[in-house]
Structure formats: structure tokens, C-alpha cells
Amino acid sequence: MTLSVNRINNTYLSQYSFKQNNSNNNKVSTATKAASALGSAAGVAGALAYISRKHGIKIPSSFKKPKEVLDVLKKLELKEKDVIQIASSSVLGGLAGGSITDSKNTKAKVKEGVVQLLGNYIIPTLFVGGGIALNKALNKKFNFPPITKPIQFAFGFTSLIAGVIAGNKVSREINRNVFKEDAYRKLNWKDWAVQFDNVCLVTSVSNSGTKLAKMASRVIPAAHLAPGYLVGVKQENKNIQ
């Protein structure tokens with residue numbers, strides 16, 4: 001009886017010790033968090049500078065006229081290709097920053113980068129553009145459904161949901177073939193949360209030329225800080241979820 005109790009206690013202590021060690025190993029350092037955030041912010045800022053330049057802002061002369069820069073940024077209406085560019089820069093910046101301070105988890109960060117960029121941004125964004133284009137094509141051929149802002153938003157939003165699901169499957173397959181791993185990375189609440197910027201994109205595209213479109217476009221860059229940060233702090237020894 002004593003032997004059985006000792007075995008149970010030893011087993012419990014071993015499992016507890018393993019969990020404690022695993023928890024400590026999974027802790028992301030402050031340096032990695034800071035580097036990931038800075039890298040993501042630098043990526044978003046760089047992408048915005050490039051997009052703004054296409055709209056008439058000259059760098060670095062623009063730094064001498066901050067009011068002029070702000071006015072141009074307020075008038076920007078970001079489109080699908082702009083969102084993909086900002087997301088790419090955010091992910092690459094976060095990956096670079098996180099890898100510098102946490103190089104042992106670079107592989108995990110790259111895999112997460114594929115999920116974030118391809119699964120959460122490129123494919124969903126292309127689906128959004130495709131959904132709204134489908135609305136226009138159906139209207140042109142059949143004169144139905146009508147091209148109204150609510151209907152365009154509905155087409156874009158429905159396409160966004162389909163794009164997120166499809167993007168997750170495609171990114172999983174790419175990671176499986178590239179890294180030769182069958183780890184299942186299912187959609188989680190973070191994947192849906194970062195779609196806030198794509199909801200803003202749908203709002204902007206379906207309300208083109210309005211104040212609402214410009215307001216939605218202003219939110220998109222700030223929302224894109226999240227994917228780069230999530231990539232930068234990703235660790236290999238965390239449970240796949």
C-alpha cells in the first residue's frame with residue numbers, strides 16, 4: 001500500500017515538474033516581445049511610406065511637412081494590394097525582430113508567418129476583392145443583385161469568411177510539405193480577431209469615395225501591427241492550436 005502511494009506521489013511530482021519546466025520554456029522574453037513589436041511597427045511604417053509616395057508624398061522631404069503628410073494619409077483609401085503589402089511588411093518585420101532575440105524558435109516563427117500572411121491576409125484579401133467583383137459581374141450580366149453598399153459589403157464579408165477558412169487549409173498544406181510535419185494548426189480566436197482590418201477593407205471597398213471608406217482605411221495600418229507581433233513571439237514548444 002505504501003509502495004503504491006509513493007508511486008502515485010512520484011508520478012504526480014514528475015508530471016508537475018514537467019509542466020512547470022515546460023511552462024518556463026514557453027515564456028516569451030520581454031526582449032523578444034519588444035523586438036517583435038518594433039519589427040512589426042517598422043514594417044507597417046515602411047509599407048505606408050511606400051504607398052503614400054505613390055500618392056504624392058516625397059520621402060524624406062515629407063518629414064519637413066508633417067501636416068501635408070497627415071492630410072494625404074487622411075485621404076488615402078486602401079485597396080486589396082495595399083493591405084497585402086502592409087501585412088507582408090508587418091509579418092516580415094515581426095519575424096526579423098523576433099528571430100534576432102529568439103533564434104532557436106525561428107522555424108516556428110516562419111511557420112506562423114505562413115499562416116498569418118497567406119492564411120489570414122493574402123487569400124482572405126483576394127477573396128474579398130473577388131466577392132465584390134462577382135457582385136459587379138452578376139449585376140452587369142443579369143442586372144442582379146443591385147450594386148449597393150450593403151450588398152457589396154455582404155458579398156465582401158461572406159467572401160472574407162470563406163477566404164479565412166480556405167487560407168488556413170492552404171497555409172497548413174504548405175507548412176506540411178515544406179517542413180515535412182503533419183502538425184495541425186486549426187483556426188483559433190486570434191485568427192478571427194486579426195480579421196478586423198479585413199473587415200475595415202470590406203467597409204472601405206464597398207463604400208468607396210465616402211468618409212466611411214477613409215475612416216476605415218485609417219484603422220487598417222494600426223490593425224496590421226498584430227500579425228507581425230504574433231509571428232515574432234511564436235515558439236516551437238507551444239501546443240499547436
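The values are calculated or read from the model by the stated rules, or taken from the named source; none is laboratory data. Predicted model only: the values in this text are computed from it and were never measured. Note that each Cβ is placed from the backbone with ideal geometry, even for glycine, and that neighbours are counted across all protein chains shown. Keep in mind that these areas ignore ligands, DNA and RNA; they rest on the heavy atoms of the full protein, side chains included. Shrake-Rupley method; radii C 1.70, N 1.55, O 1.52, S 1.80 Å.
General remarks:
- Tally, over the stretch 108-142, of residues that are over 20 Å from residue 90 (Cβ atoms) and either within 21 Å of the chain's Cα centre (by Cα) or not aromatic (Phe, Trp, Tyr) (or both): 12
- Within the stretch 136-151, the set of residues being assigned to a helix (DSSP H, G or I) and either of a type outside the set (S, T, N, Q) or surrounded by 23 or more Cβ atoms within 10 Å (Cβ to Cβ) (or both) comprises 136, 137, 138, 140, 141, 142, 149, 150, 151.
- Residue match in the stretch 91-100 (condition: over 21 Å from residue 188 (Cα atoms) and over 17 Å from the mean Cα position of the chain (by Cα)): yes
- Test: residue in the stretch 67-78 that is surrounded by fewer than 19 Cβ atoms within 10 Å (Cβ to Cβ), at pLDDT 90 or above and at negative phi: no
- Of the residues making up the stretch 211-240, those that are open to solvent by 40 Å² or more (accessible area, probe 1.4 Å) and over 16 Å from the mean Cα position of the chain (by Cα) are 211, 212, 214, 215, 218, 236, 237, 238, 239, 240.
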